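Peer 1: What follows is a structure written as structure tokens; I'll ask about it next.
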Amino acid sequence: MAIIKCPECGHQVSDHAKTCPSCGIDIAGNLMRCRHCGEIVLKDQLVCPNCQESLAAGASASSPVSASSFSSNSSGTSSQIPDEDEPSRPAVPPSASRAKYSAIIIAFTISVVAILVGLYFYKTTEADNEMQAYQNARNSAEPAVWESYLAQYGEAPAHHRDSIQLLLDQYKKTDVEWLDAVANGSKGALERYMRLYPQSIHITEAKLLVDSIDWAQAKTAATVQSLEAYLSRYPEGAHIDEAKDMLERLKSQGAAEEQQKAISACTRFFDALGMKNEEVLTSLVAPEMTSFLHKPNATPEDVLRYLHKLYQDEEVEGMTHSVLGDWTVTKAETAMGEPVYTLQVMMEQKVLSANADKKTTTVYRVNAKVAADGKITELNLQKQRQ
């Protein structure tokens, strides 16, 4: 019999005691020696508390404990005698063993918690990313964005995926109708498409095609009215600059033609005077003139009386009128908004007479007004010299 330290609590106890009087653990038949360090341990321990080596091989791989393994000292207590082939090692207090196991458990617990926290934040980040991608897809008009969302977020909430899939399906349907409208090529087909799908990604392209169709018609007509109609409908159209240039040229050309028409009316009037052509004279003046030779509210009859006065001398055979310089023409509008042209020019009048003494040459300043219909509404002569 030998006195040993209880492997559990460290109190001295006989190796033949049934249990430890201090901690109550079984002693007799429940001890063995660690085959690594020689420490006495319990048979059911898996790891040696002294050297931390595995005891998994059990008692068969470790040395049994017997009285010969111990010797008594002079005080009557027993001390452990290590095997000759194994180095002696200091005993590890049971409290240190328990502390080490506690540290392992704490480290394991911390690792598990860290993993769970990481998973939580990962899932949270994934959810945030999915929501952001979903909102971007909802606000986008690009099919590629919708397809990318559906491909990347297969585990997204069902209502998110259904919403984006619906957008993609609607696009595919409208895309077919868009191709049909383009193939048709008519303004009516394009306008119908724009009415049905005002949010389509093709809406801008459709507007440009309609713009081009209307421009082609306006350009072909090539009138002031057609061009002004195009500019009114498309103030920011694709062909706005070309339309403005063409309209300006037409107006300039039209203004020149109208000016020439007014000059022609006055020229023909004086030619008719020289040829004593009453019919032409009356056809060139308005039914009521604002002024004729400074007489207000004159009529064609006043014009004929002037003609007869010029030829009351039977010796007068005719007369000629020659323009001295260029006509000055300005455009204005009446109170009713109708255009009227004011003309000025220096003119030389030569009277042809059978009597050489009665041949005269007089220079007049001509002041006239001609309406848009080519009728003379005012004609006054101011003698300059004779």
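Peer 1: Of the residues that make up region 70-86, is at least one in a loop (DSSP other than H, G, I, E, B), in contact with a helix residue (DSSP H, G or I) (Cβ under 7 Å, 6 or more places away or on another chain) and modelled with pLDDT of 85 or more?
Peer 2: no
Peer 1: Okay, moving on. Would you check which residues across region 289-307 are more than 18 Å from A272 (Cα to Cα), touching a strand residue (DSSP E or B) at 6+ places or on another chain (Cβ under 6 Å) and open to solvent by 10 Å² or more (accessible area, probe 1.4 Å) and list them?
Peer 2: The answer is T290, S291, H294.
Peer 1: Further question on the same structure: From the set of residues in region 291-322 that are at pLDDT 95 or above and of a type in the set (V, I, T), which is farthest from D357 (Cα to Cα)?
Peer 2: Selected residue: T299.
Peer 1: Does L343 satisfy the condition of being in contact (Cβ under 8 Å) with a residue 24 or more places away in the chain, among the hydrophobic types (A, V, I, L, M, F, W, C) and open to solvent by less than 20 Å² (accessible area, probe 1.4 Å)?
Peer 2: yes
Peer 1: State which residue is least open to solvent (accessible area, probe 1.4 Å) when the search covers only region 126-146 and only residues that are part of a helix (DSSP H, G or I), under 23 Å from S200 (Cα atoms) and among the aliphatic types (A, V, I, L, M).
Peer 2: If we take residues in region 126-146 being part of a helix (DSSP H, G or I), under 23 Å from S200 (Cα atoms) and among the aliphatic types (A, V, I, L, M), then A137 is least open to solvent (accessible area, probe 1.4 Å).
Peer 1: Evaluate the following for K331: is it under 20 Å from E257 (Cα atoms), touching a strand residue (DSSP E or B) at 6+ places or on another chain (Cβ under 9 Å) and charged (D, E, K, R)?
Peer 2: Criteria met by K331.
Peer 1: Could I ask something else about it? Hey, can you tell me all the residues within region 192-225 that are within 14 Å of L250 (Cβ to Cβ) and surrounded by fewer than 19 Cβ atoms within 10 Å (Cβ to Cβ)?
Peer 2: K219, T220, A221, A222, T223, V224, Q225, listed by residue number.
Peer 1: Ok, one more. Can you tell me which of (1) closer than 26 Å to G254 by Cβ; (2) exposed (fewer than 12 other Cβ atoms within 10 Å of the Cβ); (3) of a type in the set (G, A, S) is the one A356 doesn't meet?
Peer 2: Of the numbered conditions (1) closer than 26 Å to G254 by Cβ; (2) exposed (fewer than 12 other Cβ atoms within 10 Å of the Cβ); (3) of a type in the set (G, A, S), the odd one out for A356 is (1).
Peer 1: Against the definition (within 13 Å of F270 (Cα to Cα) and either hydroxyl-bearing (S, T, Y) or surrounded by 13 or more Cβ atoms within 10 Å (Cβ to Cβ) (or both)), how does Y364 come out, yes or no?
Peer 2: Yes; evaluated as a whole, the condition is true for this residue.
Peer 1: What's the number of the only condition in (1) farther than 26 Å from Y101 by Cβ; (2) open to solvent by 40 Å² or more (accessible area, probe 1.4 Å); (3) at pLDDT below 85 that A2 fails to meet?
Peer 2: (2)
Peer 1: Could you list all residues from region 226-271 that are closer than 21 Å to K375 by Cα, crowded, with 16+ Cβ neighbours inside 10 Å and hydrophobic (A, V, I, L, M, F, W, C)?
Peer 2: Across region 226-271, the qualifying residues are A262, I263, A265, C266, F269, F270.
Peer 1: Follow-up question, since we're still on this one. Determine whether V329 is closer than 26 Å to S252 by Cβ and over 60 Å from the mean Cα position of the chain (by Cα). Walk me through it before giving the result.
Peer 2: On the way: closer than 26 Å to S252 by Cβ: yes; over 60 Å from the mean Cα position of the chain (by Cα): no.
In short, no.
Peer 1: With the requirement that a residue be among the small types (G, A, S), within 21 Å of K309 (Cβ to Cβ) and touching a helix residue (DSSP H, G or I) at 6+ places or on another chain (Cβ under 7 Å), what does region 260-287 give you?
Peer 2: A272
Peer 1: How many residues, within region 346-379, are of a type outside the set (G, A, S) and under 18 Å from M319 (Cα atoms)?
Peer 2: Number satisfying all stated conditions: 18.
Peer 1: Oh, and also: If the Cβ limit is 6 Å and pairs must be 6+ apart or interchain, which residue in region 320-332 that is in contact (Cβ under 8 Å) with a residue 60 or more places away in the chain pairs with which residue that is open to solvent by 60 Å² or more (accessible area, probe 1.4 Å)?
Peer 2: So the pair list comes out as V329/Q259.
Peer 1: Next up: What pairs come up if the first residue lies in region 152-163 and is within 15 Å of E126 (Cα to Cα), the second is of a type in the set (G, A, S) and open to solvent by less than 100 Å² (accessible area, probe 1.4 Å), and their beta carbons are under 8 Å apart, counting only those six or more places apart or on different chains?
Peer 2: Close Cβ pairs satisfying both conditions: Q152/A133; Y153/A133.
Peer 1: Considering (1) surrounded by fewer than 13 Cβ atoms within 10 Å (Cβ to Cβ); (2) in a helix (DSSP H, G or I), say which one E155 fails and leave the rest.
Peer 2: Here E155 clears every test but (2).
Peer 1: Right, something else. Could you please let me know if W178 is of a type in the set (F, W, Y), closer than 30 Å to G254 by Cβ, in contact with a His (Cβ under 7 Å, 6 or more places away or on another chain) and not in a loop (DSSP other than H, G, I, E, B)?
Peer 2: No, not satisfied.
Peer 1: Just wondering, is there one or more residues in region 170-185 that are touching a residue at least 12 places away in the same chain (Cβ under 8 Å) and under 30 Å from Y341 (Cβ atoms)?
Peer 2: No: zero hits.
The values are calculated or read from the model by the stated rules, or taken from the named source; none is laboratory data. None of the values given here were measured: they were computed from a predicted structure. For neighbour counting, all protein chains shown are included, and Cβ atoms are generated from backbone atoms with ideal geometry for every residue, glycine included. For accessibility, only protein heavy atoms count, side chains too; no ligands or nucleic acids. Shrake-Rupley method; radii C 1.70, N 1.55, O 1.52, S 1.80 Å.
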